[in-house]
1. Which of the following residues is over 30 Å from V376 (Cα atoms) and either at pLDDT 80 or above or assigned by TED's automatic domain parsing to the domain that holds A13 (or both): A302, A283, A274?
2. Please indicate, with yes or no, whether at least one residue in segment 358-371 is in contact (Cβ under 8 Å) with a residue 12 or more places away in the chain and either farther than 29 Å from F226 by Cα or hydroxyl-bearing (S, T, Y) (or both).
3. Any idea how many residues of segment 213-258 are in contact with a helix residue (DSSP H, G or I) (Cβ under 7 Å, 6 or more places away or on another chain), more than 28 Å from S339 (Cβ to Cβ) and in a strand (DSSP E or B)?
4. In the set R330, R375, which member is in contact with a Ser or Thr (Cβ under 9 Å, 6 or more places away or on another chain), free of Cβ contacts under 8 Å to residues at least 24 places away in the same chain and either buried (at least 16 other Cβ atoms within 10 Å of the Cβ) or not hydrophobic (A, V, I, L, M, F, W, C) (or both)?
5. For segment 65-123, how many residues meet the condition of being surrounded by 15 or more Cβ atoms within 10 Å (Cβ to Cβ) and under 22 Å from S146 (Cβ atoms)?
6. Would you call E155 in a helix (DSSP H, G or I), without any contact (Cβ under 8 Å) to a residue 24 or more places away in the chain and not polar (S, T, N, Q)?
7. Any residue at all in segment 344-364 that's farther than 17 Å from A185 by Cβ and either touching a Gly at 6+ places or on another chain (Cβ under 9 Å) or crowded, with 19+ Cβ neighbours inside 10 Å (or both)?
8. Quick one: which helices (runs of 4 or more DSSP H) lie wholly within segment 22-129 and hold at least 2 residues that are under 22 Å from A254 (Cα atoms)?
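The values are calculated or read from the model by the stated rules, or taken from the named source; none is laboratory data. In this text the structure is predicted, and so the values were computed from the model without any measurement. Positions of Cβ are backbone-derived with ideal geometry, glycine not excepted, and every protein chain shown enters the neighbour counts.
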Amino acid sequence: MNWPDAILFVILATQGCASILYALLALVYVQQWMKDAPPEGADAALPPVTLLRPLKAGVAAYRENFVFLALAMHPDDQLVLGLGEDSGEMETYQALIETFPERDISLVICRAGAALNPKISKLVQMMPHTRHDRWILSDSETFIHSEWLDAFRREWLASGADALTAGYRFVNLATWPQRLDAAAALLGLWPGLALVRRFGRVNFTLGACTGFRRADVEAVGGWAAFGDFLAEDNRLGAALAKAGRTIRLSAQVATLDSDPLTWRDYWRHQRRVAVTYRVCYPAGFAGMIFPNGLVAGVLLIALAPGGGNRTGICVLLAVAIQLTRWMSFRDLGKTLRFSVPWLIPVMLAAGAVEIACWVAAWCDRRVWWAGRRWRVSRAGRITPEG
């Protein structure tokens with residue numbers, strides 16, 4: 001092996017070892033994190049909340065999600081649903097609400113265009129209907145059961161944090177696009193969350209489920225202030241942190257029903273995720289290629305031809321990198337009860353798509369979202385195209 005090849009080998013080996021270390025640290029820190037048990041306490045002591053759920057079309061289990069959420073409510077709680085005026089699910093929701101006459105549930109019919117961001121457009125119109133200071137916002141796909149919600153509320157109250165936000169896992173991964181899409185959360189989101197929680201300051205919120213106070217949201221401009229951002233949850237968290245509010249990552253993991261995805265849907269979603277990350281955290285996005293173990297593995301295999309010890313060492317190291325990462329993420333999935341079938345091929349394929357989206361995000365900040373194409377500014381603001 002000549003000097004240029006030797007230097008390249010050392011660089012690739014170092015990058016591969018860094019990707020292993022990243023996966024192992026994520027596993028250790030998440031395991032420690034999940035040991036944070038919710039504090040003991042009577043449910044009656046929990047202050048009432050307004051549960052906010054802006055609804056989107058196409059959620060397969062939307063009836064079950066609604067029933068779980070309604071059953072999780074306490075007597076003094078309120079549930080406000082935001083539904084688009086052109087939704088074909090209006091009659092179904094009205095019938096479901098009638099089955100819970102003892103619950104305070106409001107269905108707000110929302111017109112399009114109150115904000116560029118469709119979710120914020122609904123929230124702007126839902127806000128006047130809220131009657132409690134504490135809000136818990138959740139996505140349409142989120143399964144929220146009574147025990148989970150009570151634990152989340154107890155943790156929020158005991159933590160003293162101004163906002164509490166939950167990471168998430170996906171279930172019902174029946175197709176390969178769904179598995180690959182979920183793997184991006186397991187391989188990318190959770191290691192990042194674990195390291196931020198361990199070493200950094202949380203200055204973001206997550207869309208699956210977040211609790212915050214009405215007064216804090218109004219202090220940073222209300223929902224309307226985030227109406228033209230692609231990542232409204234991230235920008236809201238950044239504004240709250242800048243205003244001196246504390247945000248805590250919850251030990252409760254939200255469960256999301258996987259969206260039905262075609263291959264095109266999967267690619268568009270990953271492109272949007274990559275562009276979102278790039279505009280929100282440019283430095284972090286630039287560095288995310290280093291924990292991607294596929295880069296070192298593929299290049300080491302490419303370096304292997306030449307015979308002798310060089311071939312064996314390169315191949316063994318490339319295989320060791322992938323196997324160690326697989327074992328780490330397998331155990332991480334067990335810790336989070338986040339099972340991704342066929343994890344080895346899914347991990348490799350998802351890593352390749354991550355690299356492709358990483359490159360594409362530097363070249364083009366346009367994304368497909370909510371049925372149309374948008375141009376995303378460097379600050380994360382969106383402008384519709386066409």
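1. Every option except A302 fails the conditions.
2. No, every residue in segment 358-371 fails to be in contact (Cβ under 8 Å) with a residue 12 or more places away in the chain and either farther than 29 Å from F226 by Cα or hydroxyl-bearing (S, T, Y) (or both).
3. Total satisfying the criteria: 2.
4. Step by step, each of R330, R375 is checked, and only R375 is in contact with a Ser or Thr (Cβ under 9 Å, 6 or more places away or on another chain), free of Cβ contacts under 8 Å to residues at least 24 places away in the same chain and either buried (at least 16 other Cβ atoms within 10 Å of the Cβ) or not hydrophobic (A, V, I, L, M, F, W, C) (or both).
5. 22
6. no
7. Taking every residue of segment 344-364 in turn, at least one turns out to be farther than 17 Å from A185 by Cβ and either touching a Gly at 6+ places or on another chain (Cβ under 9 Å) or crowded, with 19+ Cβ neighbours inside 10 Å (or both).
8. 62-72, 118-126
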